[in-house]
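Reading through the structure tokens given below for one structure.
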Amino acid sequence: MIEVQNIHKSFGENNVLNGIDATFKAGKNNLIIGGSGSGKTTLLKCIVGLHEPTEGKVFYDGHNFTEMHFSDRVHIRKEIGMLFQNSALFDSMTVEQNIMFPLNLFTEMSHDEKQERANFCLTRVNLEGKNKLFPSELSGGMKKRVGIARAISMQPKYLFVDEPNSGLDPLTSILIDELISELTEEYGTTTVIVTHDMNSVMGIGDHVIFLHNGQKWWEGTNKEIAHTDNKELNNFVFASKFMKAAREKL
Amino acid sequence: MWLSFRKPEKFSVYWAEVMREMVSQGIGSLGIIAIISVFIGAVATIQTAFQLVSDLVPKSVVGGITRDSTILEFSPTISALVLAGRIGSSIASQIGTMRVTEQIDALEIMGVNTPGYIVSPKIIAGVTMVPLLVIVSVLLGLGGGYLACAVSNNVSTTDYISGLTDGFNTVIVTVCAVKALAFGFIITSICAYQGFYTSGGALEVGQAATRGVVFSCIMILFADLIVSKVLL
């Protein structure tokens, strides 16, 4: 479980996050949604420690991550897997080397064991036999899947996903969502997904947090979204004619 | 900078990265260094011979002047300026691209000491390979001078060889080595810094590479002056 308390983040005069409190439960798909510039990615980066919050605390299973020293944070970070918006695969390494990279650094596995683990992760994301390809030879959807394979290679307790559907066609988006959801259930990870894709929200949103102007504006499940009277959330979720029509049928 | 030299997570992974950088910086730069060194040595010999037209000055002096100027200045400094363009821009753009494509963030999330993993192998490779490249440059520069003597009538090769060996002061080798070490550190550390703190996109990566090369060149010339002043 991850808990954030009163998170504020400013870049100079620009206040991006204004006192966010939230709890992200284990074994659930926790979605952070909101419009562009609402602070979703900044909140995610504060949680994983890529940004230091101006104020507030982040707890991983009760451990205060914000006040930890670099060397103590490493222990938590070994339990974190993250899929970046652009996958962030290492260009100079093959698919297999990308997946084996954290295993090389942080485990005492033999080469065969690491290879076996890499093959398992690739099979899990339906990319068997793509071991020797370089990231430049992969499509956007394949890069995302390799990113997921790398993220799960160390069997993380916490999985963070930044915009998993950006740049993907609807079918591939659904496959990626389903894969993340399956992995969350399978490994019992605390999964935090930043998205503004409404298909993802409706499909896998066990727990949804809506950010607006750097504040938590609404919290609930995907089923509750359809019946909310929160004006900003309605404007965001039901912006398109299709979604408005879908709501009327619910 | 301090974080770059923290204890590595796993020595074997870092060592492989150092070896990869050494090959990239050393072997990758050998061709350009060889070409410029031969030409610089040849031109230095011809121009020195052109200026020493007095019958009172023995022709072997040309060899001595070429040797000293090549070892003290041409090989370390011009090689370093060329390497700043060749290695420095590569380091800054490589690290800068890693930054803007979130590869550095991915390393940090994994718990890797990113300055240590990305920067230190480049600096270690730089302070090792730049001096080796300068040694190659000196030998090829003096060889270029010999070739210039062989194909022109200004100075005989015998006089040139005689000049190279006469009155050799070993301090110039020390000065050359110190300069090469300093230049290797300057190129790699400045360019790595510029790349590491890039933010934005492709435009900023290009700007970081340019800044890295320009700052490196200025610092190389500054360090050249300081080392020469202190050691000579």
Selection status of A:SER173, touching a residue at least 40 places away in the same chain (Cβ under 8 Å) and touching a helix residue (DSSP H, G or I) at 6+ places or on another chain (Cβ under 9 Å): no
Number of positions in region A:102-119 that are in contact with a Phe, Trp or Tyr (Cβ under 9 Å, 6 or more places away or on another chain) and of a type in the set (Phe, Trp, Tyr): 0
Given (1) within 13 Å of chain A (Cβ to nearest Cβ); (2) in contact with a Leu (Cβ under 6 Å, 6 or more places away or on another chain); (3) in contact (Cβ under 8 Å) with a residue 24 or more places away in the chain, index of the condition B:VAL127 fails: (1)
Answer residue from region A:87-97, given it is farther than 18 Å from B:TYR14 by Cβ and polar (S, T, N, Q) and is nearest to the other protein chains (Cβ to nearest Cβ) among those: A:SER87
Residue satisfying condition, being in a loop (DSSP other than H, G, I, E, B) and farther than 25 Å from A:PHE70 by Cβ, within set B:VAL134, B:VAL178, B:VAL155, B:VAL205: B:VAL155
Matching option when the condition is within 30 Å of A:PHE90 (Cβ to Cβ) and without any contact (Cβ under 8 Å) to a residue 60 or more places away in the chain, among B:VAL112, B:VAL53, B:VAL18, B:VAL23: B:VAL23
Some residue of region B:70-82 being assigned to a helix (DSSP H, G or I), within 14 Å of chain A (Cβ to nearest Cβ) and of a type in the set (Ser, Thr, Tyr): no
Per-region count, region B:95-113, residues more than 9 Å from chain A (Cβ to nearest Cβ) and either surrounded by fewer than 21 Cβ atoms within 10 Å (Cβ to Cβ) or under 19 Å from the mean Cα position of the chain (by Cα) (or both): 1
Single match in B:VAL38, B:VAL23 (criterion: loosely packed, with under 15 Cβ neighbours inside 10 Å, of a type outside the set (S, T, N, Q) and modelled with pLDDT of 95 or more): B:VAL23
Selection status of B:ALA92, more than 12 Å from every other protein chain (Cβ to nearest Cβ) and crowded, with 20+ Cβ neighbours inside 10 Å: yes
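The values are calculated or read from the model by the stated rules, or taken from the named source; none is laboratory data. The structure displayed is predicted, hence computed values, not measured ones. When we count neighbours, we look across all protein chains shown, and the Cβ atoms used for this are built from the backbone with ideal geometry, even at glycine.
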